[in-house]
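Inspection log for the structure reproduced underneath, given as structure tokens.
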Amino acid sequence: MKPELAAIFKEYESFAKQVDGVWETVRKQFPESVQCKIGCSDCCHALFDITLVEALYINDKFITELPENRKNEILAIANKTDRNIYKLKRKAFKAVEAGEKTEEQVLFEMAAERSRCPLLNLNDRCDLYDYRPLTCRLYGIPTSIGGRGHTCGLSSFSEGQSYPTVNLDKVYSKLYDLSVDIINTLQSSHKEMSKILMPLSMALLTVFDDYYLGLKSEELKDSNQQKDLKNE
């Protein structure tokens, strides 16, 4: 982890604790409706993207918290997972581009797709549970995004009744602000990178080096590569 990001990561962790507190409050209010329990991995098969701050954070924890042999196993799985997700997204994009489906239809269908998270081990436990993204932390209680409500398919929340609902638009707004802070703190030349969204599998596979983060020019990169070739 770059030292400059320590304060931003700390703020992200504080926000994650707030999210955990909201989830726990809803669980205590509606224990018969929240079906989350050890061994249930339904949320670990959901297809979703994470923001820049989450991608950098989970990538850092992946590097620092897991043994090398386990990291290699996870990366092999992540590579296959990422390829499958790309194919799904590509197919969806082509359907919208061809006018075969609306964006709303595609988003609805993509939400129903299943993709096993690379961090889910053979015991159906998350290898980086303490550092999981906020979408994972909120799964199991009512949420809404873009005015559309959602609940876990295994939960027992009754349709038509009113429940405390987490507005994911506000959650993502905070994550976006933290991502902007990262770009500004690093003084990155990639100003639009704060808007990036990627699957967790890609976040594990990506090497977030200076070139990727826009801290060195492509010209300098090419120059360094030429020097490396000469040294060889």
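The values are calculated or read from the model by the stated rules, or taken from the named source; none is laboratory data. Source: prediction; values computed, not measured. In this analysis, Cβ positions are derived from the backbone assuming ideal geometry, glycine residues included, and neighbour counts consider all displayed protein chains.
See the values below:
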quantity: Matching residues, region 99-124, being in a loop (DSSP other than H, G, I, E, B), free of Cβ contacts under 8 Å to residues at least 60 places away in the same chain and of a type outside the set (Gly, Ala, Ser); calculated: Glu100, Lys101, Thr102, Asn121, Leu122, Asn123
quantity: Residue list for region 204-216, filter: touching a Leu at 6+ places or on another chain (Cβ under 8 Å) and either on the phi < 0 side of the Ramachandran plot or among the aromatic types (Phe, Trp, Tyr) (or both); calculated: Leu204, Leu205, Phe208, Leu213, Leu215
quantity: Residue within region 87-96 that is farther than 30 Å from Val207 by Cα, in a helix (DSSP H, G or I), modelled with pLDDT under 95 and out of contact with any Asp or Glu (no Cβ under 6 Å at 6 or more places or on another chain) present; calculated: yes
quantity: Every pair of residues 6+ apart whose Cβ atoms lie under 7 Å, when the first sits in region 174-199 and is under 12 Å from Leu56 (Cα atoms) while the second is at pLDDT 95 or above and aromatic (Phe, Trp, Tyr); calculated: Leu178/Tyr12; Ser194/Tyr176
quantity: Test result for Ile58, touching a Pro at 6+ places or on another chain (Cβ under 8 Å) and not basic (Lys, Arg); calculated: yes
quantity: Pick from region 134-164, criterion out of contact with any helix residue (DSSP H, G or I) (no Cβ under 9 Å at 6 or more places or on another chain) and among the polar types (S, T, N, Q), ranking: surrounded by the fewest Cβ atoms within 10 Å (Cβ to Cβ); calculated: Ser162
quantity: Failed criterion for Tyr129 (all others in (1) closer than 26 Å to Lys89 by Cα; (2) touching a Cys at 6+ places or on another chain (Cβ under 9 Å); (3) surrounded by fewer than 16 Cβ atoms within 10 Å (Cβ to Cβ); (4) at pLDDT 95 or above hold); calculated: (1)
quantity: Single residue of region 55-98 satisfying the filter (of a type in the set (Lys, Arg) and touching a residue at least 24 places away in the same chain (Cβ under 8 Å)) that is surrounded by the fewest Cβ atoms within 10 Å (Cβ to Cβ); calculated: Arg70
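Residue by residue, here is whether (1) among the hydrophobic types (A, V, I, L, M, F, W, C); (2) within 19 Å of Ser158 (Cα to Cα); (3) part of a loop (DSSP other than H, G, I, E, B) holds:
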| position | (1), (2), (3) |
| --- | --- |
| Ala16 | yes, no, no |
| Asp20 | no, no, no |
| Arg27 | no, yes, no |
| Lys37 | no, no, yes |
| Cys44 | yes, no, no |
| Glu54 | no, no, no |
| Ile58 | yes, no, no |
| Lys61 | no, no, no |
